[in-house]
Amino acid sequence: MAHTTGNSDALIIQQIYNTSLMESFDEQLVDSGLLFNDRTSEFPEGDRLSVNQIGDVTLTTYDENSPLKYSGIDTSRIYLQLSDKDADGWFITDELKEDAASQIPGLVAARTRKSAQAFRQKMVTDIFRTGVNQQTAGQLNLINNRPHRFVASGGADGARKITLDDLRLLKLSFDEANIPATGRVLFVDPTVEFDLNGLAQVVTSDNPQFQGIVETGFADRNSMQFYRNIYGFDIMITTLLPVVGAETITGGFTPGAKSVGANGVANIAMYVGDDDGKPLMGVIRRAPTAGMKRNDDLGRDEYFAKSRWGFGTQRPESIAVILTDK
C-alpha cells in the first residue's frame, strides 16, 4: 500500500519556523561625533580633565601723558569627568544550541547587532542629557541678555506648543552670542515636527540640501530624519531627547510665567560647525567592542561588551533648549 497524507499524517511536520529573526525598527541615530568635541587623545588616563579658559579683553580710555590703566583678564576652568559605565552581557546554553541549532546563528548575529545599536543610542542619549542638565532648570540661562532655555509660547488651555516666534527668539539668542550662522542644528521631538507641520507660516524649506558641516558630518545622509531648515537651523527629528519634570520659566515672548508639564521634552539647539565651538566635549575611554568566552562549568557561551565615557559642557553659549509638551 502506498503512503499518502491521509494514512501517514503522523509523519507530517506540523509547523515550520523561519530561521530568520524579525527585528524591531531601530532609532535613526545622528553621528555622535558631530555632537561633541572629542578630547580622548588629550585625556588618556585619569578620571577628570581640567580645561583652562580665558575671557575677553576690556578696553579703557587714556589721557595724554598719563599712566595707563592696567587690568587683568578673567580666567576660568572647566572639567570633563568620566561618568558613564555601561555593559551588555548574555549567554547561550549548550542545551539551547543542541535543541535550536538552526536558529542560533541568526540569534547571535541579531543580538550582537542590537547590542551595538543600544550602545550607540545610549551615547547619543547621554550627550543630549548632558547638554540639558548642565543648564540651570527653571531659569532663562541668559547669555548676553538673551534666553538659552525657555518654554514654547504656543498652545491653548495650558498646552505648550512650538511656534515660529520661538524659533525667531532662538535665532536671536544665537546671533547675540556670536554663534556662526553655518552649522546650527535644532533637534526636535516628533511631536514638535507634528506641530510645525500644522503652522500655516511653514513653507517649503529654504535649504533642502544639507549645507556645510551638517552635510559632511553625518556618516549616512539617507539614515537621518531631516525635516527642513528654518531661520538658519537644520531641524532634525529624534526620539532620544531628555524628558524634564514640571518646570516654570518666566520670560521668552510672554511676560508672565510659562510652565511645562511633568512630561515635557527638551528640544535642543546647538552649534556643530567646528570642535572648538561645539557646546559639549567628551572622552571615550572604552569604546564598546563585542567579546565572547566559553564557560565550561556552566555549559554556555557568554557574550559581552562594556563601555566607559563622559561628557561635559565647554561652551554654554552655543546650546539652547526649548521646552514643549511631550
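The values are calculated or read from the model by the stated rules, or taken from the named source; none is laboratory data. This structure is a prediction, so every number in the text was calculated from the model and none was measured. Using ideal geometry, Cβ is built from the backbone for each residue, glycine included, and neighbour counts are taken over all protein chains shown. These area figures cover heavy atoms from the full protein model, side chains too; ligands, DNA and RNA do not enter into them. Shrake-Rupley method; radii C 1.70, N 1.55, O 1.52, S 1.80 Å.
Need the list of aspartates and glutamates near Lys326 for cross-linking: C-alpha distance under 18 angstrom, and skip anything on the same chain fewer than eight residues off.
In chain and number order, the partners are Glu27, Asp157, Asp166, Asp189, Glu193, Asp195, Glu247.
Taking amide H atoms as placed 1.01 Å from N in the peptide plane, list the residues 5 or more away in sequence, or in a different chain, whose amide H sits under 5 Å from that of Lys258.
Hits under the 5 Å cutoff: Ile249, Thr250, Gly251.
In sequence order, what are the phi-derived ³J(HN,Hα) couplings for the stretch 304-317 according to the Karplus relation 6.51 cos²θ - 1.76 cosθ + 1.60 with θ = phi - 60°, rounded to whole Hz, with x for glycine and proline?
Each residue's phi maps through the Karplus curve to give 7, 7, 9, 9, 8, 8, x, 9, x, 8, 10, 9, x, 6 Hz.
Kindly flag which residue pairs out of Lys85/Lys258; Lys69/Lys171; Lys85/Lys293 have an alpha-carbon separation exceeding 28 Å in this structure. Please list the in-between numbers first.
On the way: Lys85/Lys258 36 Å; Lys69/Lys171 37 Å; Lys85/Lys293 21 Å.
From Lys85/Lys258; Lys69/Lys171; Lys85/Lys293, over 28 Å: Lys85/Lys258; Lys69/Lys171.
Going by amide H atoms built from the backbone, whose H comes under 5 Å of the H on Leu280, apart from near neighbours?
Long-range HN contacts for Leu280: Asn37, Gln314, Arg315.
Output the peptides 172-181, 279-288 sorted from most to least packed, where packing is the average of other Cβ atoms within 10 Å over each peptide's residues. Present the calculation step by step, with values, prior to reporting the outcome.
Numbers: 172-181: 16.9, 279-288: 21.0.
The most tightly packed comes first, giving 279-288, 172-181.
Got a number for carbon plus sulfur as a percent of the stretch 260-311's accessible area, 1.4 Å probe?
Details: 990 of 2180 Å².
Roughly 45 percent of what the probe reaches on the stretch 260-311 is carbon or sulfur.
So if I place +1 on the C-beta of Lys and Arg and -1 on the C-beta of Asp and Glu, and nothing else carries charge, what would the dipole magnitude of the stretch 35-144 be about its Cα centre? I want it in debye, nearest 20.
Working: 12 positive and 16 negative charges, 54 e Å.
Taking the Cα centre of the stretch 35-144 as origin, the dipole is about 260 debye.
Taking the highest mean first, how do the peptides 313-322, 161-170 order by number of other beta carbon atoms within 10 angstrom per residue?
Values: 313-322: 23.4, 161-170: 19.6.
Put in order of decreasing packing, that is 313-322, 161-170.
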